[in-house]
1. I'd like the full set of residues that are among the basic types (Lys, Arg) and under 19 Å from the mean Cα position of the chain (by Cα), limited to segment 58-105.
2. Considering only segment 103-113, I want to know if a residue exists there that is touching a His at 6+ places or on another chain (Cβ under 9 Å) and closer than 13 Å to Ala5 by Cα.
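No value in this document is a laboratory result; all are computed from the given coordinates. What you are looking at is a predicted structure, and each value in this text was computed from that prediction instead of being measured. Quick reminder, even Gly has a Cβ in these numbers, built from the backbone with ideal geometry, and neighbours come from all protein chains shown.
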Amino acid sequence: MEVKASQQYARISPKKARDIARVIQGRPAQEAIDLLEFIPRKGAKLYQEVLKSAVANAENNFNLNSDNLVVRSAVADPGPAFRRFRAGARGSAKPIRKPTSHLKVILAEKVHAHDHDHDHDHDHAHAH
């Protein structure tokens, strides 16, 4: 079961957001939330909000236990850039691009290994 959450038009450049996304990918959801608390960057706070939203979706909409959730993927896609102008010399205008990102988080349930030995002879198939 996959659970998704996203934030559209976040005011951070995708390049900066991806640095944070790489840190949380593959970690247990609760560990990722705790870790982001101590990263002093704007992207960490934004991803923490999206992550908390995804965990809340899992608990409330799908009745999943938050302890069994893992961050399967965290993505920062580019959004539209806000275009601004700054006054330049001799009455000219200098363009400023304020990039936005679409932050997406996908959580999945931990896959538990089954508890039996593989030494005995059996003919039933296992999905590993």
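1. Restricting attention to segment 58-105, the residues satisfying the condition of being among the basic types (Lys, Arg) are 72, 83-84, 86, 90, 94, 97-98, 104.
Scanning segment 58-105 gives Arg72, Lys104.
2. No.
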